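Engineer: I'd like to ask you about the structure that follows.
The values are calculated or read from the model by the stated rules, or taken from the named source; none is laboratory data. Predicted model only: the values in this text are computed from it and were never measured. Don't worry about glycine lacking a Cβ; one is built from the backbone with ideal geometry, like all the others, and counts go over all protein chains shown. Just so you know, the surface numbers come from the protein's heavy atoms only, side chains and all, with ligands and any DNA or RNA stripped out. Shrake-Rupley method; radii C 1.70, N 1.55, O 1.52, S 1.80 Å.
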Amino acid sequence: HLPPRSRLQQVAVSGTHMVVLTTEGLVFTWGEGKKGQLGHGELENWRSRPLCVEALKGKAITRVAAGNGFSVFSSDNGIVMTCGDGSFGALGHGDWNSSARPMLIEQLLSVDVVGVGAGAEHVVVVGGQGDVYSWGRGQGGRLGLGSEEDVCTPREVQLNTDDIYITSVECGGDGTIFISNEGVLYACGSNKSNKLGLDNPQGWFFSG
């Protein structure tokens, strides 16, 4: 039910909803909208067909991500917008409030965001200088901040050495994988069943 001849650039799926980005920079969402994660300005029990997010038209969106009850959108000039459930701080606006309409994360305006990842309840972004920021639920150390504290505003992840240059990030439900310019993986978060490959229950700090 997407517009005819639409060409998809990216798809993001959570346990509650779907987000699609077209090559024209249009964003379509559908699924559960009880937390405002669909971004249409209202709470919706369920939307069965894709609807274009009007608030994102003209914003040149190039990246989308989806968590459980929230959505993340990033543009080609590095701005980041979020909507949906803010109860774990995953919207990054400095409070625990929810929003049914995409809102700009002002703290990241000085960051040239080039990569975005979303877990079930947390978000991590990568800046153009290899800098990394995370926020949301901190349980298990998934934010890489050295604690399990929930954070409602972006905080810079301090890497162990100065020569690590992160270029991209991937988030699982309760863990995070960072990829460096040398192709080395760094992980933090829950290592249950050794899913991060760290051979110990927690991975709060980076291990290569």
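Engineer: From the phi of every residue in segment 97-106, what ³J(HN,Hα) in whole Hz does the Karplus formula 6.51 cos²θ - 1.76 cosθ + 1.60 yield, where θ is phi - 60° and glycine or proline is x?
Structural biologist: Calculated HN-Hα couplings, in order: 7, 9, 8, 8, 10, x, 10, 6, 8, 5 Hz.
Engineer: If you rank H40, H1, H17 by how much accessible surface each has, with a 1.4 Å probe, what is the order from largest down?
Structural biologist: H1, H40, H17
Engineer: In what sequence, highest mean first, do 172-184, 83-95 appear when ranked by Cβ atoms within 10 angstrom?
Structural biologist: Ranked by mean Cβ neighbours within 10 Å, highest first: 83-95, 172-184.
Engineer: Quick check for me: using +1 on Lys/Arg Cβ and -1 on Asp/Glu Cβ, what's the dipole size of the chain about its Cα centre, in debye to the nearest 20? Walk me through the numbers on the way to the answer.
Structural biologist: Details: 15 positive and 22 negative charges, 178 e Å.
Rounded to the nearest 20 debye, it is 860 debye.
Engineer: Once the piece of chain linking L8 and T161 is laid out straight, how much longer is it, given 0.36 nm per residue of separation minus the C-alpha distance between them? List each step's numbers first, then the result.
Structural biologist: Details: separation 153, 0.36 × 153 = 55.08 nm, distance 3.83 nm.
Between L8 and T161, full extension yields 51.2 nm more.
Engineer: With a 1.4 Å probe and all protein chains kept in place, how much accessible area does M18 have, in Å² rounded to the nearest 10?
Structural biologist: 50 Å²
Engineer: Which residues' amide hydrogens lie under 5 Å from the amide hydrogen of Q9, considering only partners 5 or more residues apart or on another chain, with H built in the peptide plane?
Structural biologist: L21, T22, T23
Engineer: Near the amide H of T62, under 5 Å away, which other amide H atoms are found, from residues 5 or more places off or on another chain, if H is placed in the peptide plane?
Structural biologist: S74, S75, D76
Engineer: Follow-up. I need the phi-derived Karplus couplings for segment 134-142: 6.51 cos²θ - 1.76 cosθ + 1.60, θ = phi - 60°, integer Hz, Gly and Pro marked x.
Structural biologist: 9, 6, x, 6, x, 3, x, x, 5
Engineer: For segment 1-72, what's the relative contact order in percent, using C-alpha pairs closer than 8 Å and at least 6 residues apart?
Structural biologist: 34 percent
Engineer: List, in order, the whole-Hz ³J(HN,Hα) value for each residue of segment 166-176 obtained from phi through the Karplus relation with A = 6.51, B = -1.76, C = 1.60 and θ = phi - 60°; use x for Gly and Pro.
Structural biologist: 7, 10, 7, 9, 10, 10, x, x, 9, x, 9
Engineer: Keeping all protein chains in position, work out how much accessible area E32 exposes to a 1.4 Å probe, and write it in Å² to the nearest 10.
Structural biologist: Rounded to the nearest 10, the figure is 50 Å².
Engineer: Filter K35/K57; K57/K192; K57/K195 down to the pairs with a C-alpha to C-alpha distance above 32 Å, please.
Structural biologist: K57/K192; K57/K195
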